[in-house]
Amino acid sequence: MADSSGPRFPLPDGFLMGASTSAHQVEGNNVSSDLWALENQPGTFIAERSGDAADSFHRWPQDMDLLRDLGFNAYRFGIEWARIEPEQGHVSRAAVAHYRAMVRGAVERGLTPVVTLHHFTSPNWFSARGGWLTEDAAELFASYTRTAVEVLGEDVRYVATINEPNMLALVHAMRRAAEQGRPSPTEGGDTGGVAFDPSTVEPSPNMTAALIRAHRAAYRVLKEADPGYQVGWTVANQVYQAEPGAEEIAAAYARPREDVFLEAAREDDWIGVQAYTRHRIGPHGPLPVPEGAETTLTRWEFYPEALGEAVRHTRQVVGAGVPVIVTENGIATSDDERRVAHTERALASLVAQMRAGADVRGYLHWSALDNYEWGSYRPTFGLIAVDPVTFARTPKPSARWLGALARDRHLPCGADRPQHVAASAR
Ligand code: IFM
């Protein structure tokens, strides 16, 4: 296991330390959602269906007990629109009560709930009508958000409206390209189950504008209901790095895929940073992972410093006045020691940004549990292993390591170590 005995950075008061999940990826049997329909369609291109997922729909009390016992003080989880409004205009009171119990359950355990309203999946009826591009999409999302207020009550402060709108927009563009027979097939990744090379397409301005409208509409609903809600959205930070001479190309590549979504957060109460790896951009566009570099189960480059770089870039684009919460950061690996090594370096890069003045309010690791990675169970991101048959939960050593940091209220900061130790950690 990585050495965490080096210098430590004391956590500011109120700093959230915890882990994240999303509804579809852990609950199981999200039968009224669009993705469930796609996963179960005959001849679907999706390799593996979500099925029972981690059965967190029933086992959430155990999940929250574990997070509390490990030492965390926060849990980010999603509520599922497709369960709350399985048919247009029909609100499932049972689903509202279910999520309300989860919110109360988190608070009773001393876990600050960070609640996501939309994480990739929509009700099937919404997508069948045309999804985010239908004329009244923002209104429909606002109406769902009004119901979600009953779930949040006075217990929740941090609300994320839409998770990774930039990925939603990109996946939409990929599906359009697939329908037109354009894309170059690759495998898996963070693509909502669509297996195509994202560099060949870019989000359409219409889709981007529609998502921003929906976000703003939900923001207004939440603030009208309770001005104390702290509302933001969470962006997939791609950490685009320009090769020398490719600065303008990289900026043009990043803008529709990330920066436009960050700019839309300038009026928000916080911004969610989600970083896993970097993407190098050369004069002709994206470059492959460097020869010989370590890669993870999602085939992403092992590059933990992406987290600090994502925070720096986010601050530059959004502005220093909007606080940051790291709502996702992690690694898909079957080697838990690599998870600790990755997270330790990621946290050190985060500390460096905090020391440089970044207002960071929390770190929520992706993911609390091994879960459904949009088409496959193979990439395991969890701090806690889940048996696919019995659903037994087993915290990994990384969970105990990160939980101990949360309990001790310190983060590792490799940059402060004597030079030779820091160098060997790179
Ligand atoms: O599992 C996903 C999550 O749903 C959104 N952010 C990236 C994670 C890892 O791919």
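The values are calculated or read from the model by the stated rules, or taken from the named source; none is laboratory data. None of the values given here were measured: they were computed from a predicted structure. Positions of Cβ are backbone-derived with ideal geometry, glycine not excepted, and every protein chain shown enters the neighbour counts. For accessibility, only protein heavy atoms count, side chains too; no ligands or nucleic acids. Shrake-Rupley method; radii C 1.70, N 1.55, O 1.52, S 1.80 Å.
Find the relative contact order for segment 211-367 and round it to a whole percent, using C-alpha pairs within less than 8 Å whose residues are 6+ positions apart.
23 percent
Could you check the simple spin-label distance between VAL107 and ASP155, using points 7 Å along Cα→Cβ, in nm with one decimal?
With each label placed 7 Å out from Cα toward Cβ, I get 0.6 nm.
Once you keep just the Cα pairs under 8 angstrom separated by 6 or more residues, what percentage relative contact order results for the chain?
Relative contact order, the chain: 20 percent.
Taking segment 66-148, which GluC sites (Glu not before Pro) meet the DSSP loop condition and have no more than 16 other C-beta atoms within 10 Å?
Counting only loop positions with at most 16 other Cβ atoms within 10 Å, the GluC sites (Glu not before Pro) in segment 66-148 are GLU135.
Placing +1 at every Lys and Arg Cβ and -1 at every Asp and Glu Cβ, with all other atoms neutral, what dipole size does the chain have around its Cα centre, in debye to the nearest 20?
560 debye
Ignoring everything but the protein chains, give the 1.4 Å probe accessible area of ILE271 in square angstrom, nearest 10.
Looks like 0 Å² after rounding.
Given the chain, what whole percent of its Cα pairs are spread farther than 39 Å?
12 percent
Ignoring everything except DSSP H segments at least 4 long, calculate the 222 nm mean residue ellipticity for the chain; use -39,500 (n - 2.57) per segment, divide by total residues, nearest 500.
The per-residue figure over the chain is -12000 deg cm²/dmol.
Provide HIS24, HIS98, HIS58 ordered by accessible surface of protein heavy atoms (probe 1.4 Å), highest first.
Ranked list, largest accessible area first: HIS58, HIS98, HIS24.
Could you tell me which residue out of PHE72, PRO304, MET102 lies farthest along the dipole of the chain toward its positive end? Charges go on the beta carbon: Lys and Arg +1, Asp and Glu -1, centred on the Cα centre.
PHE72
To the nearest 0.05, how large is the calculated FRET efficiency for ASN29 and ARG312 if R₀ is 45 Å and r is the Cβ-Cβ distance?
Calculated transfer efficiency: 0.65.
How much area per residue is accessible in segment 127-178 when the probe is 1.4 Å and only protein heavy atoms are counted (Å²)?
Solvent-accessible surface per residue comes out at 36 Å².
By the gyration tensor of its Cα atoms, with a ≥ b ≥ c the square roots of the eigenvalues, what is the shape of segment 19-105: rounded for a/c under 1.5, prolate for a/b over b/c, or oblate?
Verdict is oblate for segment 19-105.
Could you check how much of the accessible area of the chain is carbon and sulfur, as a whole percent, using a 1.4 Å probe?
The value for the chain is 51 percent carbon and sulfur by accessible area.
In a solvent-free Debye calculation with one equal scatterer on each Cα, what is log10 I(q)/I(0) for segment 305-417 at q = 0.09, 0.14 Å⁻¹, listed in the order of the q values?
One equal scatterer on each Cα of segment 305-417 leads to -0.26, -0.61.
Taking 8 Å as the Cα distance limit and 6 or more residues as the minimum spacing, I'd like the relative contact order of segment 67-144 as a percentage.
Relative contact order here is 41 percent.
Calculate the FRET efficiency for ARG8 and GLU202 from the Cβ-Cβ distance with a Förster distance of 35 Å, rounded to the nearest 0.05.
So, using R0 = 35 Å, E works out to roughly 0.25.
First obtain the Kirkwood hydrodynamic radius of segment 268-337 from its Cα pairs, then insert it into the Stokes-Einstein equation at 10 °C and 1.306 mPa s, and state the resulting D in µm² per second as a whole number.
Calculated translational D: 116 µm²/s.
If you wrap segment 82-184's Cα atoms in a convex hull and average its projection over all directions, what's the area in nm²?
7.7 nm²
Reported to two decimal places, what Rg/Rh ratio describes segment 109-168 when computed on Cα atoms with Rh from the Kirkwood expression?
In segment 109-168, Rg relative to Rh is 1.02.
Can you work out the accessible area per residue across segment 285-361, with the rest of the protein chains kept in place, probe 1.4 Å, in square angstrom?
Normalised by residue count, the accessible surface of segment 285-361 is 38 Å².
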